[in-house]
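Step one of this worksheet: look at the structure below.
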Amino acid sequence: MFYNQKNHLTLLFSIIITCLSLNAQKVRVVDNKGTIKYVNNNKVTTSNTAPLSPLENDIWFDTNNTPTQTKIWDDIDGWKMLIAPSTESKTVILNRNSSTNLNTGTNTFYDLPLNTPQIQFINTLYYAVVENSEIRVLHDGNYLISGEISVTNMPSGDTKYILGVFINGVRRGYLSRGFTSFPSQDYWGTTGTLMYALNQNDLVNVRYVINAGGTTLNSNLLNIGITKL
């Protein structure tokens with residue numbers, strides 16, 4: 001009895017080792033109806049360069065990054081990060097907390113002066129910063145878009161302001177909109193959020209209007225944030 005059990009364990013171990021040693025390839029199998037089918041025998045690779053001719057669901061431990069990144073091959077999207085959804089931040093944040101000039105006009109939209117030097121955080125699998133205030137999303141999905149603008153020298157009187165979201169150059173929503181009414185020049189700021197369904201390669205801009213008669217204003221805090229839900 002002990003002899004048979006030992007043989008069975010040895011055979012099982014040999015089968016496991018043989019399976020683990022196979023390279024990724026399409027192999028023919030016959031199901032219980034006698035039908036020949038092709039399935040992928042997937043491969044796991046550890047290297048600092050992408051494996052050649054990968055198959056669907058192959059795994060690559062990319063040692064060219066620190067820490068090592070775990071990626072899975074998708075025949076449509078290519079190598080994708082394999083990360084638990086709860087730990088991956090699908091976010092981009094552009095932030096400026098130093099003064100810069102802000103143009104004003106009458107009902108004229110201007111881009112927030114935020115570009116690659118102002119990147120506070122970015123997941124490059126989901127976003128690319130193209131130019132001032134313009135961000136390209138790399139995947140379809142529902143997104144939360146936020147924006148902030150504040151100045152140190154808002155003029156006195158009634159001043160119209162808008163903080164808007166543009167998708168592919170078309171205004172699609174407002175983060176904030178209204179009028180200020182100050183007896184004298186003062187600090188001012190506004191923020192807002194918008195949820196919107198976006199498609200791969202859509203371009204998102206956050207732009208502002210401040211009807212200050214062409215006066216150049218000094219920024220205090222500027223921010224754009226986008227998160228894939």
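Pull out all pairs, ordered by first then second residue, where Cβ-Cβ is under 9 Å, the residues are six or more apart or on different chains, the first lies in region 111-124 and is under 23 Å from residue 169 (Cβ atoms) and at pLDDT 95 or above, and the second is assigned to a loop (DSSP other than H, G, I, E, B) and not small (Gly, Ala, Ser).
So the pair list comes out as 111/132; 112/132; 113/100; 113/132; 114/132; 115/132.
Condition check ((1) over 30 Å from residue 184 (Cβ atoms); (2) more than 20 Å from the chain's Cα centre (by Cα)) across all residues:
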residue: 129; (1), (2): yes, no
residue: 144; (1), (2): yes, no
residue: 147; (1), (2): no, no
residue: 152; (1), (2): no, yes
residue: 155; (1), (2): no, yes
residue: 171; (1), (2): yes, yes
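I need a count of the residues in region 157-188 that are basic (Lys, Arg) and over 19 Å from residue 219 (Cα atoms).
Summing the residues that are basic (Lys, Arg) and over 19 Å from residue 219 (Cα atoms) in region 157-188 gives 2.
Please state which one of 176, 181, 156 is closer than 20 Å to residue 106 by Cβ, of a type in the set (Ser, Thr, Tyr) and in contact with an Asp or Glu (Cβ under 7 Å, 6 or more places away or on another chain).
Of the residues listed, the single one that is closer than 20 Å to residue 106 by Cβ, of a type in the set (Ser, Thr, Tyr) and in contact with an Asp or Glu (Cβ under 7 Å, 6 or more places away or on another chain) is 181.
May I ask you to verify whether residue 137 is touching a helix residue (DSSP H, G or I) at 6+ places or on another chain (Cβ under 6 Å) and either closer than 22 Å to residue 192 by Cβ or not hydroxyl-bearing (Ser, Thr, Tyr) (or both)?
When the stated conditions are applied, residue 137 does not pass them.
The values are calculated or read from the model by the stated rules, or taken from the named source; none is laboratory data. Note that the structure is a prediction, hence the values are computed from the model and not measured. Using ideal geometry, Cβ is built from the backbone for each residue, glycine included, and neighbour counts are taken over all protein chains shown.
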